[in-house]
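The values are calculated or read from the model by the stated rules, or taken from the named source; none is laboratory data. Owing to the predicted nature of the structure, the values given are computational and were not obtained by experimental measurement. Cβ sites come from the backbone with ideal geometry, for glycine too, and all protein chains shown count toward neighbours. Accessible surface areas use protein heavy atoms only, side chains included; no ligands, DNA or RNA. Shrake-Rupley method; radii C 1.70, N 1.55, O 1.52, S 1.80 Å.
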Amino acid sequence: MTGMAQRQSPTARRRRLALTLRQLRDRAGFTSVEAARRVDHDASWLSRIETAEVRPHPNDVRALLTLYGVEGEQAEAVIAVARQAKQRGWWQRYSDVLPDWFAAYVGMESEASVVRTYECQMVHGLLQTEEYARAAFQGAPVPMRAEEVERQVALRMERQAILTGDDPPMLRVVIDEGAARRMVGGPKVLREQIDRLIGYSTNNHVQIQLLPFGAGTGFDGSFTLLDFPPMPEPYPDAAEERMVYVDTLTGALYLERPAEVAAYATAFEQLCAVALSPSATRDALSRIAQELDA
């Protein structure tokens, strides 16, 4: 299976399909109640489709597109995405340990073209070593059984395949110095993790910047911005092809309103501006590694 095929995420496709159908309905001048009635469904059915809660059957999508006046190649492109959205993602093999709120993120991460993240507590999951990930799960505030820990570690390692496939996303990471120094798993585990960061920082599609204690600033919570590759008409505008993910102890926030996304994007760029450059970050990480060896 190629990297491109691995990155075709039914979760991301369902989200895009929902945005597309909502925008096409608005352009056609139908209310959700009227559009649903015209294709012999109730309004709640269409509402769940337009919020990506359910996966519509391709035949229903075709009926909606006909109602909205979308035909030919444009219609077939949307229907093709509807078919892809009904497929199962690789991460569904981990449904026993993967909550729905995080499964949605994994699906969208799988198809993102750019992943920008600020980490103030831990190394980002896409860059963690296996032992670091295991120690992180073992020390989580909510205790896990040993078999759950191993399943979570396996999931995390499989997520990292997007960085080594044929079409990797651009990964930009700002990591707080406190997160880089936190003794997850002990000195040996952290030393190997620092080596992993240094190694990844030389990849063309990975940019790592350390926010040092001396910067005198920071952000009181980790967050991730996902950018998706542009889609042809009649897909939503580029402004809607970006979202923010904020992890919590028992759930997550998915922010998509332009003003919310813009605020986080600005915060991320400001953090990049005060963080060390990628080359200075490698030097700083090397010093941390030397301290661990002492």
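Couple of notes before you dig in:
- Square roots of 5 times each gyration tensor eigenvalue, C-alpha, segment 66-220, largest first, Å: 34, 21, 14
- Computed over the chain with a Gaussian network model linking Cα atoms closer than 10 Å, the most mobile of 278, 141, 168 is 141.
- Annotation: per residue accessible area for the chain equals 47 Å², rounded to a whole number [probe 1.4 Å, protein chains only].
- DSSP bridge analysis restricted to the chain gives an antiparallel fraction near 50%, rounded to the nearest 5.
- Panel values: the chain, Kirkwood radius from alpha carbon pairs, Stokes-Einstein at 25 °C and 0.890 mPa s, translational diffusion coefficient 119 µm²/s.
- Note on residue 120: accessible area approximately 20 square angstrom, rounded to 10, probe 1.4 Å, nucleic acids and ligands left out.
- From its DSSP helices (H runs of at least four residues, each -39,500 (n - 2.57)), the chain gives a residue-normalised ellipticity at 222 nm of -15500 deg cm²/dmol.
- Proximal charge balance of residue 176 [Cβ under 11 Å; K/R count +1, D/E count -1]: -1
- Cα gyration tensor, segment 154-294 - rounded (a/c under 1.5), prolate or oblate: prolate
- Integer Hz, Karplus 6.51/-1.76/1.60 couplings in order for segment 245-254, x for Gly and Pro: 10, 10, 7, 10, 5, 10, x, 7, 10, 10
- Candidates 142, 115, 173, ranked by Gaussian network fluctuation over the chain, Cα under 10 Å, top entry: 142
- Percent antiparallel among DSSP beta bridges (both partners in segment 148-294, rounded to 5): 55
- Sites excluded, trypsin sites (Lys or Arg not before Pro) in DSSP loops with at most 16 other C-beta within 10 Å, longest stretch of the chain: 183-294
- Expressed as a whole percent, the accessible surface of the chain that belongs to carbon and sulfur atoms is 51, based on a 1.4 Å probe.
- For residue 208, the residues 5 or more places off, or on other chains, whose built amide H falls under 5 Å of its own are 173.
- Across 211, 46, 249, mean-square fluctuation computed from a Gaussian network of the chain (C-alpha pairs under 10 Å connected) peaks at 249.
- Loop-located GluC sites (Glu not before Pro) in segment 61-131 (DSSP state other than H, G, I, E, B) with a sparse environment of at most 12 neighbouring Cβ atoms within 10 Å: 71.
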